[in-house]
């Protein structure tokens, strides 16, 4: 992998992790177009996902600091309640990751028809939010598990995680800023967990060592960190203004192009 490829893929990861257009789908398309090898993909995926997790921490640093401060009181409060809801929302994706790991990995094989079809589904989900722009409620435990199921479904390349979780929250009547906040905070531990598993796989695969330089990894990390930080803040404002329809149109166009490319 060259530094230019790392820059492009890092930018793609950072932007599409938070914007509702599917980071996994765009990375699959980018890997196919750039011809990046699978051995490079593994370590690079660890680096850019760690960068997007860090960008989330930076954006929500005040929220996270307040939550940790309240947790250290060791008394039941709003932060304990919110943290448990976050943990509850992670159950579906945890089950999927533990029991269906091999099946999930099989989806990431450069199948443009699959990626394109999932992007069309993402477009449809975002389009439906145009008819219900959220409500006034907060995330309760039932809504947390339903939003968590949406996150588990977003394991598929082409299904936007942020799009699926935010759209689900809006359709359940969650207030827009609360839906966005919950969506971005709930992904922190799954991203870190997936990165650690990929790092474990990389360490157990000596054949992949030495195929990507530290400089290239640094370029990918910084590109993903900066673009992720900007995209996260931008997405919060987009959700508040209810402008998800434009992303529905984008996902539909890219999905159709991805499907069509398989026949060209």
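I need 166, 84, 98 ordered by Cβ neighbour count within 10 Å, fewest first.
Ordered from fewest to most neighbouring Cβ atoms within 10 Å, 166, 84, 98 come out as 98, 84, 166.
Expressed as a fraction of 2.2 N^0.38 Å, the rule-of-thumb size for a compact globular protein of N residues, what is the C-alpha radius of gyration of the stretch 170-264?
Compared with the compact-globule rule of thumb, the stretch 170-264 sits at 1.47.
Quick one: give the max-minus-min coordinate of the C-alpha atoms of the stretch 1-149 along each principal axis, largest first, in Å.
The Cα atoms of the stretch 1-149 stretch 52, 35, 31 Å along the principal axes, largest first.
Determine one quarter of the surface area of the Cα convex hull of the stretch 67-220, which equals its mean projected area, and express it in nm² to one decimal.
Averaged projected area of the stretch 67-220's Cα convex hull equals 11.8 nm².
So how much slack lies between residue 3 and residue 189, counting 0.36 nm per residue of separation and subtracting their Cα-Cα distance, in nm?
Here the answer is 64.1 nm.
For the chain, what does the equivalent ellipsoid look like in terms of its semi-axes, each the square root of 5 times an eigenvalue of the Cα gyration tensor, given largest first in whole Å?
Result for the chain: semi-axes of 29, 23, 17 Å.
Calculate the translational D of the stretch 122-207 in whole µm² s⁻¹ from Stokes-Einstein, where the hydrodynamic radius comes from the Kirkwood formula applied to all Cα pairs, the temperature is 10 °C and the viscosity 1.306 mPa s.
115
Using the number of other C-beta atoms within 10 angstrom as an exposure proxy, rank 141, 82 with the fewest first.
141, 82
No lab work stands behind these numbers, since they all come straight from the coordinates. Worth saying up front: this structure is predicted, and the values here are computed from it rather than measured. All Cβ positions, even for glycine, are placed from backbone atoms using ideal geometry, and neighbour counts span all protein chains on display.
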